1. Just to make sure I understand: if all protein chains stay in place, what is the order of ASP83, ASP98 by accessible area at 1.4 Å, largest first?
2. Any chance you could list P(r) for the stretch 1-81, counting all Cα-Cα pairs in 10 angstrom bins from zero, rounded to whole %?
3. Given springs between every Cα pair under 10 Å in a Gaussian network model of the chain, which of LEU70, LEU82, LEU37 has the largest fluctuation?
4. 7 Å from Cα along Cα→Cβ at both ARG121 and ALA52: what's the point-to-point distance in nm?
5. What accessible area per residue, rounded to a whole number of Å², is obtained for the stretch 13-72 using a probe radius of 1.4 Å?
6. How large, in Å, is the chain by the Kirkwood hydrodynamic radius built from its alpha-carbon pairs?
7. What does a probe at TYR19 reach in the stretch 59-93, counting residues whose amide N is under 14 Å from the point 7 Å along Cα→Cβ?
8. Just to be sure I understand: with springs between alpha-carbon atoms less than 10 Å apart, which residue in ASP128, ASP112, ASP157 has the highest mean-square fluctuation in the Gaussian network model of the chain?
Amino acid sequence: QLVSVWTRGNGPVGTNIPYMASAIRGIPAKISDKGHLVVRGEATISYADFEAINDTLEDADDRYANPRNLAAGTLALDKTNLDKVKERNVTFTLVHTDEVIRSWGARMDYLDQMGFTTVERERTSAKDLPDAIARWTKKVDSGEMGIPVDGLVITYDDTDYAATGSVT
C-alpha cells in the first residue's frame with residue numbers, strides 16, 4: 001500500500017502528496033513487494049508536452065519558463081486539480097531505491113519489474129567509459145532524451161563498493 005509521496009519542497013521540508021499518485025505516470029497502482037520500499041526519483045514533463053501546453057496559452061506572459069518549473073508547480077496543485085496533473089503528463093522517473101540488492105542495475109531491474117518507470121541506463125566497463133560518456137552526452141545535447149537533464153551520473157554497480165567512496 002502506498003503510504004506517501006513527498007516532494008522535495010524547499011530542501012529540508014517537502015509536501016506529502018499521496019493523492020496525486022494516480023495522476024502521475026510511473027507510479028504503479030500496486031506492486032508485488034510486501035516490505036517497506038523507499039524509492040527516489042524526479043517528476044518531469046517532457047519537452048514535447050511542455051511545448052504543447054505553452055502552445056495553448058495565447059498571452060506570452062502566461063507561458064511557462066521551463067519544464068522543470070512546470071512539473072514542480074503542477075505537483076503543488078491541490079486535490080481538485082488531478083485532471084490537470086494527468087493532462088500535463090507528469091512522469092515520475094526513479095533513480096534510486098534503498099532496497100537491499102547489492103547491484104544498482106539489479107535494483108533498477110527490480111523496480112522495472114514492479115511497474116515503476118526507471119531512469120534510462122547502460123552498463124559499461126572502465127575501458128569503454130569514455131565512449132559511453134560521449135554517446136550519452138550526444139543524447140542529452142541533441143534533446144533525444146526528451147526531458148531536461150542536468151548531467152550524467154556514473155556509479156559502480158556494486159552498491160557496497162560505491163558506498164565506500166573509493167575510486168580504485
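The values are calculated or read from the model by the stated rules, or taken from the named source; none is laboratory data. Everything numeric here is computed off the predicted structure, so don't read it as measured data. Quick reminder, even Gly has a Cβ in these numbers, built from the backbone with ideal geometry, and neighbours come from all protein chains shown. These accessible areas exclude ligands, DNA and RNA; they are computed on the full protein's heavy atoms, side chains included. Shrake-Rupley method; radii C 1.70, N 1.55, O 1.52, S 1.80 Å.
1. Numbers: ASP83 110, ASP98 80 Å².
Per-residue accessible area, sorted high to low, gives ASP83, ASP98.
2. 15, 43, 30, 10, 2
3. It is LEU37.
4. Label at ARG121, label at ALA52, 2.9 nm between them.
5. Values: 3800 Å² over 60 residues.
Value returned for the stretch 13-72: 63 Å² of accessible area per residue.
6. Values: mean 1/r = 0.0560 Å⁻¹.
With all distinct Cα pairs of the chain included, I get 17.9 Å.
7. 75-85
8. Checking each option, the largest mean-square fluctuation is seen for ASP128.
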